[in-house]
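The values are calculated or read from the model by the stated rules, or taken from the named source; none is laboratory data. Being a predicted model, the structure only gives us computed values, none of them experimental. Every residue, glycine as well, gets a Cβ built from its backbone with ideal geometry; the counts of neighbours run over all protein chains shown.
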Amino acid sequence: MNKTEFSAGLRKALSGLPQDDIEERVLFYEEMIDDKTEEGATEEEAVASLGNVNDVASQIISDIPLSKLVIEKIKPKRSLCAWETALIVLGAPLWLPLILAAGAAVLSLYVSVWAAIFSLWAVEGALWACALGGVAAAVTYFVRGNALTGIAMLGAALFCAGLSCFGFYGCLKASKGILSLTKKAALSIKSRFVGKEKAE
């Protein structure tokens, strides 16, 4: 694939973005290709080093704020007639609550998922606190001459420390998984607003 084909494919894949953004991004990648060819690479090698056009387009879309995509999508391509404006205003009591309810449902789902992750980390912190508190209590009991209770407290502290070690990796995995899922969901939503086509 040469520079012209790459640029055409990128323009097609970004077709739902504002025209200024498309031109800015395409120009950026064309300059990268030019820089690589000046360093001695062929045009095809320079293009290949950038990766797949669809992957490049996905990265560009993920970097653009969702609000900008929404504004571009709902901005009318022509001026509205008087009757169209009247329908929008009269229909607002119907469509506005539906949009707000959908937004609230998505937001509550997002907050709930992260609240569960926060709860896991809170349990992890509590286990570490119990382990440290158990060690401190064991030392206190040993100093006071109550060795059996001190041993029991030390055992409980070691148990909590062991659980917290296992829990740490679970919390870390869950956090990374939810973060990855959140990024994929955001990219999916953005892609729907852009309505990008797959480049050939």
Exercise for review: Kindly establish whether Leu94 is at pLDDT below 90, over 34 Å from the mean Cα position of the chain (by Cα) and hydrophobic (A, V, I, L, M, F, W, C).
Suggested key: no
Review point. Out of (1) touching a helix residue (DSSP H, G or I) at 6+ places or on another chain (Cβ under 6 Å); (2) not in a loop (DSSP other than H, G, I, E, B), what's the single condition that is false for Leu27?
Key: (1)
Review point. If we scan the stretch 80-98, do we find a residue that is in a helix (DSSP H, G or I), among the aliphatic types (A, V, I, L, M), in contact with a helix residue (DSSP H, G or I) (Cβ under 8 Å, 6 or more places away or on another chain) and more than 22 Å from Thr182 (Cβ to Cβ)?
Key: no
Exercise for review: Would you check if Gly9 is at pLDDT below 85 and not assigned by TED's automatic domain parsing to the domain that holds Ala186?
Suggested key: no
Revision key, fill the gap. Residue hits (the stretch 16-42; closer than 24 Å to Ser188 by Cβ, modelled with pLDDT under 85 and aliphatic (A, V, I, L, M)) are Leu17, Ile22
